[in-house]
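Shown next, in C-alpha cells, is the structure this report addresses.
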Amino acid sequence: MGMRKVAVVGAGMTRFVRRALETPKELAWQATRMALNSCEMTLDDIDAVCMGTAPDAFDSVHMKGEYLSDGAGAWGKPYMRSYVGGGTGVFAPIQGWYHVASGMFDTCLVVCEEKMSSYFPHAQAAFNTIFDHTTERALLPNLLWIFALEMNRYMNAYGISKEDIARVAVKNKRNAADHPCALLGDPDITVDDVLNSELLAWPVNRLDVSPVSDGAVTIVLAAEEVAKRITDKPIWIQGVGWSLDTAYWANRDLAYPTYVEYAARMAYEMAGVKEPRKEINIVEPYDPFDYKECHHLEGLQLADKGGAPQLVADGVTLRTGNMPVCPSGGLLGVGNPIAAAGLMKVAELFWQLRGEAGARQVPGQPKRGLAQAWGDLMQVGTVVIMGTEPGGEVAR
Amino acid sequence: MTSKIKNFPGTPLSESDFTEGKVLSIHDEMRPQFAWDTGIGIGSYLAALKEGYLLGSHCKTCEKTVIPPRTVCEWCFDPMDSYVRLEDTGTINTFSLCYVTWDVQRITEPELPAVIEIDGASPLHGILHKLGEVKPEDIHIGMKVQAVWKPAEEREGAITDILYFKPIKEAGS
Ligand SMILES: [Zn+2]
C-alpha cells in the first residue's frame, strides 16, 4: 500500500470520575498536556489533531469538535472530529494513523474526551435518540434494552449463565483497583456481588454495566523517522480495521458480532497476524457491559463462538493468564467516558508494551496487543493492533 | 509513564456539591420539536399499520424479505420495490424484563421489550416491540406470538398501532 510506519510515542489521561469539576475543554487540555509532556514535545511539534468525542446530545453543544478545539491544541492546525458512537475511541487513532501513514503529516495528536454528567438528570435519556425515530422511539426504548436483548440472545444461543458472564465484571473491577484513574476499582468484589446487585433489565444487573463517567485521554502519533528521534521505545501501530453492519439492528444475528470479525480480519491482515490466539499477547476489547467482552473476544477470533466465558472461568484472561484481557480494568472498572474509554484501551497497550504499567503490568514482556471498540446502534467494530516492532506488511 | 505519575488531573465532584450549591452550575432546558417525513418505504409501512397489517419488502435477486420495508436492498443496492404483506405473527428472538424507563425512573412492573422475528420475513429478521398478556416468568426465546392491535378507529399509522405481541396458545398445551 506504500504506507509509512506510524508509532505511538506519548500518552496521557485524566482520572475517570462520575462528575468532573473541569469542563470538557479543560479535561481535553489536561490529557493532552500530559501526553505531550510524556514525550517531551510541545504543541509546535504537532502537525495535525484528530478529535474523538461521542454524542453532541450529552453536552447540548452543537459542533462539539469545534467547541473542544482549544483544549485539544487544534487552533491553527488541520483538525478533524470523528464520531462512530462507542466505537469512536478506537476509530480516532485509526484516523490519526492514516493522517501520518499517508505521508500528509509527521506528527498527530489524537484526543478523546467525554463529559456525560452534564445531561440532566441522567445521561441515559440522551441515548433515546439513537433509536429510529419513526419505527422504534415511540415505544420509549431504553439503552439498556438493546444490551439486555443482545445479552439474552447470546446466553440462549450458547447456553451461557449469568454467573459465567459476571466473572468478567469481577475480573475487570479487580484489575481496575490497580489503575490510578479508575472510578470503580474493587479488589474484593465477588461474583455474588454482581449477581445480587440491582436488577435493571433482566439479564442485566447494575454491576454488569460500566458507569457513566467524565474524562479525557490523548496519545501522540509520529512517523517512523520522527518517532525514533522522540523515544527509544516507540510502540508501533501494526494494523487497523473497521467495519459497519446494518442499521436495522433487529434484522441481525444478535449472538455474534460479524462486524467485529470483519474489522479484526482487516487489522490482522495488515499486521501480518496469521494466528491471533498465539500472536496477540494482550487484549483490550470493548466492555461497556460484561457480556460484551465475551462477545467481542469471539468476534476477534480470540475465542470460539460461545467459548469466551470458559476462557474467563479458566483464568486465561486474568492479568497473569495466557491471554490477559482488559488488564487496565476496562470500562467496567476504570469507567466509561465513551470516546475517552476507547482511547484509554490504546493508551493501556502503549504503557503495557513499554513495560510502564506499574501495578497493572502484564508479566512476560508482551510484544503485541489489540484494542477494540464498538458502537453506533450496536453495529460498528473498530480495531487497532500495536506492537514493540513495526511488524506487519504495511510497506508491501 | 503511568507508573511514575502519582497525581492525575480530573477533580471528582459529589452530588451534594451540586445540590448544596458548593459549585456553580447553569441549568437549561431544551424543548426542540421535530416533524419527521416518513418517506416512501416507512410511509408504506405506517399506512399498512393503520390498516392493521404488517408490510415488508422483497428483493428477487437476493431472495430477501425484510421488515420494516425499505426502498434499497442492502445486499445488491438495487431498488427493493416489491412490497409484501406479512403475517402479524412471529417468534420471540430475544426479550428483556426492564425495571427502568427510558429516562431512568425505577418501575416495579417490568416493561417487556422483545425482538420478534416476523412470519414471512427472512430468517432472523425481526422488529423491536413489546410483549403483553403474559407473565414475565413464562416468556421464552422461541415462543410464538401475535400482534394485538388497537381498534381500527384509534389507529393512526404508527408502530404503537400494535399495542404489544401476546403468546399464541399452542394446540394441546
Ligand atoms: Zn438485493
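The values are calculated or read from the model by the stated rules, or taken from the named source; none is laboratory data. Just so it is clear, the structure is predicted and the values come from calculations on it, not from any experiment. In this analysis, Cβ positions are derived from the backbone assuming ideal geometry, glycine residues included, and neighbour counts consider all displayed protein chains. To get the accessible areas, we keep the full protein, side chains included, count just its heavy atoms, and leave off ligands, DNA and RNA. Shrake-Rupley method; radii C 1.70, N 1.55, O 1.52, S 1.80 Å.
Details
- Region A:133-151 and region A:343-376 have Cα centres separated by 33 Å.
- Burial order of peptide ranges A:93-101, B:109-117, B:17-25 (average beta-carbon count within 10 Å, highest first): A:93-101, B:109-117, B:17-25
- Gained length - A:MET80 relative to A:SER161, 0.36 nm times residue gap less alpha-carbon distance: 24.8 nm
- Estimated translational D of region A:1-123 in µm²/s (Stokes, Kirkwood radius over Cα pairs; 10 °C; 1.306 mPa s): 107
- Number of partner chain Cβ atoms within 10 Å, mean per residue of A:35-41: 1
- Modelled spin labels at A:ASP232 and B:ILE168, positioned 7 Å past Cα toward Cβ, are 7.3 nm from each other.
- A:ASP376 accessible area, assembled protein chains, probe 1.4 Å, Å²: 60
- The three principal axes of the C-alpha atoms in the protein assembly as shown carry coordinate ranges of 73, 60, 49 Å, sorted with the longest axis first.
- Applying 1/(1 + (r/R0)^6) with R0 = 56 Å to the Cβ-Cβ distance of B:GLU133 and A:ARG4 gives a FRET efficiency near 0.35.
- Packing rank of A:185-196, A:28-39, where each peptide gets the mean count of other beta carbons within 10 Å, highest leading: A:28-39, A:185-196
- Gaussian network model of chain B, Cα within-10 Å springs - most flexible of B:THR108, B:THR89, B:THR61: B:THR108
- Summing +1 for each Lys or Arg and -1 for each Asp or Glu among the other residues whose beta-carbon sits under 13 angstrom from that of B:GLU153 gives -1.
- Within chain A, helix-based [θ] at 222 nm, where runs of 4 or more DSSP H residues each add -39,500 (n - 2.57), nearest 500: -9500 deg cm²/dmol
- Centroid-to-centroid separation of region A:195-273 and region B:69-100 [C-alpha atoms, Å]: 28
- Across peptide B:102-115, the average count of Cβ atoms from other chains found within 10 Å of a residue's Cβ is 5.
- Taking every alpha-carbon pair under 8 Å whose residues sit at least 6 apart, region B:39-167 reaches a relative contact order of 25 percent.
- FRET E, pair B:ALA158, B:TRP75, Förster distance 25 Å, beta-carbon r, rounded to 0.05: 0.30
- If you sort the three axes of the alpha carbon gyration tensor as a ≥ b ≥ c, you get a/c of 1.5 or more for region A:129-179 and a/b no higher than b/c, which makes it oblate.
- Helix B:41-51 vs. chain B, principal-axis angle (Cα, 0 to 90°, nearest 10): 70
- Each other residue within a Cβ distance under 11 Å of A:VAL17 adds +1 if Lys or Arg and -1 if Asp or Glu, for a net charge of +2.
- Were the residues from A:GLU198 through A:ASP45 laid out at 0.36 nm apart, the gain over their Cα-Cα distance would be 50.1 nm.
- Our Cα-only numbers for region B:39-167 put the radius of gyration and Dmax at 15.6, 48 Å.
- Tensor-based shape of region A:282-386 (alpha-carbon gyration tensor, a/c under 1.5 rounded, otherwise prolate or oblate): oblate
- Within the shell of other residues whose beta carbon sits under 12 angstrom from the beta carbon of A:LEU244, the net charge comes to -2, with Lys and Arg scored +1 and Asp and Glu -1.
- Cross-link pairs A:LYS5/A:LYS274; A:LYS115/A:LYS305; A:LYS162/B:LYS130; A:LYS5/A:LYS278; A:LYS171/B:LYS22 - those with Cα-Cα distance over 27 Å: A:LYS115/A:LYS305; A:LYS171/B:LYS22
- Other protein chain C-beta atoms within 10 Å of residue C-beta, averaged over A:127-135: 4.
- Across region A:39-166, the mean sequence separation of Cα contacts (distance under 8 Å, 6 or more residues apart), normalised by length, yields a relative contact order of 26 percent.
- An oblate overall shape is assigned to region A:159-300, the ratio a/c of its alpha-carbon gyration tensor axes (a ≥ b ≥ c) being 1.5 or greater and a/b not exceeding b/c.
- Order by protection proxy (mean Cβ within 10 Å, highest first), peptides A:242-251, A:206-215, B:142-151, A:43-52: A:206-215, A:43-52, A:242-251, B:142-151
- Karplus-derived HN-Hα couplings along region A:184-198 (A = 6.51, B = -1.76, C = 1.60, θ = phi - 60°), whole Hz, x at Gly and Pro: 10, x, 7, x, 10, 4, 10, 4, 4, 4, 5, 5, 8, 6, 3
- Given a 1.4 Å probe and the protein chains as shown, A:MET80 ends up with an accessible area of around 100 Å².
- Using θ = phi - 60° and Karplus 6.51 cos²θ - 1.76 cosθ + 1.60, couplings along region A:42-48 (whole Hz; Gly, Pro as x): 10, 4, 4, 7, 9, 8, 7
- Length-normalised contact order of chain A in % [C-alpha pairs under 8 Å, at least 6 apart]: 26
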